[in-house]
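The values are calculated or read from the model by the stated rules, or taken from the named source; none is laboratory data. No experiment lies behind these values; they were computed from the predicted model shown. Neighbour counts run over all protein chains shown; Cβ positions are idealised from the backbone, glycine included.
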Amino acid sequence: MHTLAGLTQNDPLVTSPVPVPTAVRRPGPAVAAVVAVAVLAALCTAGLAGCTPPASGGQHNPGGRHGPGGRSPAAVASNGISQAAGRPPPPGRASNAFHLLPARGRGHLAPGSDPHALPGDVLIADEGNNRLLLVDPRGRIRWKFPRRGDMPHGHVFGPPDDAFIAPGGHAIIATQEMHDTVSVINIATRHITRRYGHPGVPGSAHGYFSHPDDAMLLPGGDLLVADIMNCRILLISPGRWHVRRQFGRTSSCRHHPPARFGSPNGVFPLDDGHFLVTEINGDWVDEMSLRGHVYWSRHPPGVGYPSDANEVGRGRYLVADYSDPGQVVIFGRSGRALWRFRPGGKRALNHPSLALPLPNGNILVNDDYNDRVIVIDRRTKRIIWQYGHRGVPGRAAGYLDNPDGVDLSPPDSLLITHAAGWGARDHSGRRTGTGRIQPRPQPPA
């Protein structure tokens, strides 16, 4: 969501062939080490350092986050996929596999928050705390990962940048951008059943990512992921590192879809079976199919750093501006702004990276650098729900540290609500069955 932090579309670094990442805010020692590897890789690729970049493969750092000779929880094969014992059940009817903690106490919401602002629990990728939380509308933690004993001895769950619940409701797909991996977590067993990439080792060779973002599982099990620093979008078959389709080239980071992409940081599903791609370089949003047909490209109006554009309703799109002050914008296919939330002063957003529409028409936002998740009332343009203390990072109940991703619990989670569109059409957007696409409610802009 935020690899090129602090840059705008007018910055010369953004339009250069090789984007150079900067460190995320308040990195811990482990995250800082990962950032250093990513910066070194970019400098090598650009020819600015006398070394061989890990784009050609790379070796695990023997003194890395898993200790001497450490490895990820399941052994990483040369193809970049690790598999633990057992398989998640196949995607089917959406279910809620969370074994919830007891709902005790009044919760830990900010004063004035309305629990009725949310339809259900919220999944939060609490990046700075290396954890996933499921928080109910009253601000009570109902589920968290990892708990003590969830990870093998000596292994660490890398900082999650995003987390989405799989279409069948059985798994969570957590992208660890600064760790260069994607993990599939079985919700019921609380185990990582599959991991893509090599922890802390960025690269572009077979089995490697370089700052992956917003990975999602499609109903058939394919993994769809934006690979930011490699300027490509990958569709990977389940069970082994087999790239079914690749859009973009690692040697060219500029806008010319589908052959080239300018550091894509999100590929989100649309109700008609197509996908919405967000490009950092040049400030672009594109609608395309996974067969490579591009339907349109637009600049989100007045947005300096577009992040994770997705659909509000047919022909209307929602994007976060990962800036300080930040904003959330709804725009039409023509590129015209339809709604904008850009408060100033003490109400200002600080690097929001994802905004998702709620069934009631309001908007759920992770306001990263403000250490909070909020709900915005579309009509009044006021924050009506908040979990986290604005600008105060922490790990105790009611606190977050750089939350970088959100999703709703079933049946309102992002991928489950779009399963009808995938079931009725193939990846090209052509109708393949008799099912009808069920569009989400479209309140007035």
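One line per residue, one yes/no per condition, for (1) surrounded by 16 or more Cβ atoms within 10 Å (Cβ to Cβ); (2) of a type outside the set (A, V, I, L, M, F, W, C):
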site	(1), (2)
GLY107	yes, yes
ASP114	no, yes
ASP121	yes, yes
ASN130	yes, yes
GLY139	yes, yes
MET151	yes, no
HIS155	yes, yes
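Kindly indicate the residue of the stretch 377-396 that is assigned to a loop (DSSP other than H, G, I, E, B) and basic (Lys, Arg) and also surrounded by the fewest Cβ atoms within 10 Å (Cβ to Cβ) among those meeting that condition. Even if it seems obvious, please write down each step before you answer.
The initial filter retains those residues of the stretch 377-396 that are assigned to a loop (DSSP other than H, G, I, E, B), namely 378-381, 388, 390-391, 393-396.
Applying the additional criterion that residues be basic (Lys, Arg) yields 378-379, 381, 390, 395.
Numbers: ARG378: 20, ARG379: 10, LYS381: 14, ARG390: 16, ARG395: 12.
Within the stretch 377-396, the match that is surrounded by the fewest Cβ atoms within 10 Å (Cβ to Cβ) is ARG379.
Take the residues in the stretch 199-224 that are surrounded by 24 or more Cβ atoms within 10 Å (Cβ to Cβ) and more than 18 Å from the chain's Cα centre (by Cα); name whichever of them is farthest from PHE98 (Cα to Cα).
Checking each candidate, the answer is GLY203.
Report, ordered by the first and then the second residue, all pairs with beta carbons closer than 6 Å, sequence separation of six or more or different chains, a first member in the stretch 261-282 that is farther than 17 Å from GLY335 by Cα and touching a residue at least 24 places away in the same chain (Cβ under 8 Å), and a second member that is surrounded by fewer than 24 Cβ atoms within 10 Å (Cβ to Cβ) and of a type in the set (Lys, Arg).
So the pair list comes out as GLY262/ARG254; GLY273/ARG425.
Can you tell me how many residues in the stretch 163-174 are farther than 17 Å from ASP121 by Cβ and either touching a residue at least 60 places away in the same chain (Cβ under 8 Å) or touching a helix residue (DSSP H, G or I) at 6+ places or on another chain (Cβ under 7 Å) (or both)?
Taking the stretch 163-174 first, the residues farther than 17 Å from ASP121 by Cβ are 167-168, 173.
Among the residues that remain, those that are also either touching a residue at least 60 places away in the same chain (Cβ under 8 Å) or touching a helix residue (DSSP H, G or I) at 6+ places or on another chain (Cβ under 7 Å) (or both) are: 167-168.
The number of residues fulfilling the criteria is 2.
Which one of SER353, SER289, SER323, SER297 is surrounded by 23 or more Cβ atoms within 10 Å (Cβ to Cβ) and either among the small types (Gly, Ala, Ser) or free of Cβ contacts under 8 Å to residues at least 12 places away in the same chain (or both)? Before the answer, list the steps.
Details: SER289 fails: surrounded by 23 or more Cβ atoms within 10 Å (Cβ to Cβ); SER323 fails: surrounded by 23 or more Cβ atoms within 10 Å (Cβ to Cβ); SER297 fails: surrounded by 23 or more Cβ atoms within 10 Å (Cβ to Cβ).
None of the others qualify; the one that does is SER353.
Which residues, counting only those in the stretch 330-347, are exposed (fewer than 15 other Cβ atoms within 10 Å of the Cβ), in a loop (DSSP other than H, G, I, E, B) and not charged (D, E, K, R)?
SER334, GLY335, GLY344
Considering each of ASP377, ASP367 in turn, give the residue that is touching a residue at least 40 places away in the same chain (Cβ under 8 Å), out of contact with any helix residue (DSSP H, G or I) (no Cβ under 9 Å at 6 or more places or on another chain), under 25 Å from SER413 (Cβ atoms) and not small (Gly, Ala, Ser). Before you say what the answer is, go through the steps one by one.
Numbers: ASP377 fails: out of contact with any helix residue (DSSP H, G or I) (no Cβ under 9 Å at 6 or more places or on another chain).
From the options ASP377, ASP367, the qualifying one is ASP367.
Kindly indicate the residue of the stretch 162-185 that is under 11 Å from the mean Cα position of the chain (by Cα) and of a type in the set (D, E, K, R) and also surrounded by the most Cβ atoms within 10 Å (Cβ to Cβ) among those meeting that condition.
First pass over the stretch 162-185, keeping only residues under 11 Å from the mean Cα position of the chain (by Cα): 162-164, 173-177, 182.
Checking which are of a type in the set (D, E, K, R) leaves us with 162, 177.
Numbers: ASP162: 28, GLU177: 33.
For the stretch 162-185, the residue satisfying everything is GLU177.
Looking at (1) within 21 Å of the chain's Cα centre (by Cα); (2) of a type in the set (A, V, I, L, M); (3) not in a strand (DSSP E or B), which is the only condition ILE374 fails?
Only one criterion in (1) within 21 Å of the chain's Cα centre (by Cα); (2) of a type in the set (A, V, I, L, M); (3) not in a strand (DSSP E or B) is unmet by ILE374, namely (3).
Which of the residues spanning the stretch 225-240 are surrounded by fewer than 22 Cβ atoms within 10 Å (Cβ to Cβ) and farther than 25 Å from ASP407 by Cβ?
ARG240
Here are ARG372, ARG316: which of them is among the charged types (D, E, K, R), touching a Leu at 6+ places or on another chain (Cβ under 9 Å), crowded, with 23+ Cβ neighbours inside 10 Å and touching a residue at least 60 places away in the same chain (Cβ under 8 Å)? Even if it seems obvious, please write down each step before you answer.
Numbers: ARG316 fails: crowded, with 23+ Cβ neighbours inside 10 Å.
Step by step, each of ARG372, ARG316 is checked, and only ARG372 is among the charged types (D, E, K, R), touching a Leu at 6+ places or on another chain (Cβ under 9 Å), crowded, with 23+ Cβ neighbours inside 10 Å and touching a residue at least 60 places away in the same chain (Cβ under 8 Å).
Against the condition surrounded by fewer than 19 Cβ atoms within 10 Å (Cβ to Cβ) and in a loop (DSSP other than H, G, I, E, B), how does PRO258 come out, does it pass?
It is false that PRO258 is surrounded by fewer than 19 Cβ atoms within 10 Å (Cβ to Cβ) and in a loop (DSSP other than H, G, I, E, B).
With respect to ASN281, is the statement that it is in contact with a His (Cβ under 8 Å, 6 or more places away or on another chain), assigned to a loop (DSSP other than H, G, I, E, B) and buried (at least 17 other Cβ atoms within 10 Å of the Cβ) true? Reasoning before the result, please.
Working: in contact with a His (Cβ under 8 Å, 6 or more places away or on another chain): yes; assigned to a loop (DSSP other than H, G, I, E, B): yes; buried (at least 17 other Cβ atoms within 10 Å of the Cβ): yes.
Taking the combined requirement at face value, the residue satisfies it.
Give me the pairs, please: first residue somewhere in the stretch 188-210 and under 19 Å from LEU224 (Cβ atoms) and part of a loop (DSSP other than H, G, I, E, B), second residue anywhere and of a type in the set (A, V, I, L, M) and modelled with pLDDT under 95, beta-carbon distance under 6 Å, and either six or more positions apart or on two chains.
SER204/ALA55
Take the stretch 313-329 and flag every residue that is part of a strand (DSSP E or B) and under 21 Å from GLN386 (Cα atoms).
Looking only at the stretch 313-329, we keep the residues that are part of a strand (DSSP E or B), and these are 313, 316-321, 326-329.
Those that are part of a strand (DSSP E or B) and under 21 Å from GLN386 (Cα atoms): LEU318, VAL319, ALA320, ASP321, GLY326, GLN327, VAL328, VAL329.
Being free of Cβ contacts under 8 Å to residues at least 60 places away in the same chain and outside any strand (DSSP E or B) is the filter here, so list the residues in the stretch 141-158 that pass it. Break it down stepwise before answering.
To start, the set of residues in the stretch 141-158 that are free of Cβ contacts under 8 Å to residues at least 60 places away in the same chain comprises 142-150, 153, 157.
Listed by number, the residues that qualify are PRO146, ARG147, ARG148, GLY149, ASP150, HIS153, PHE157.
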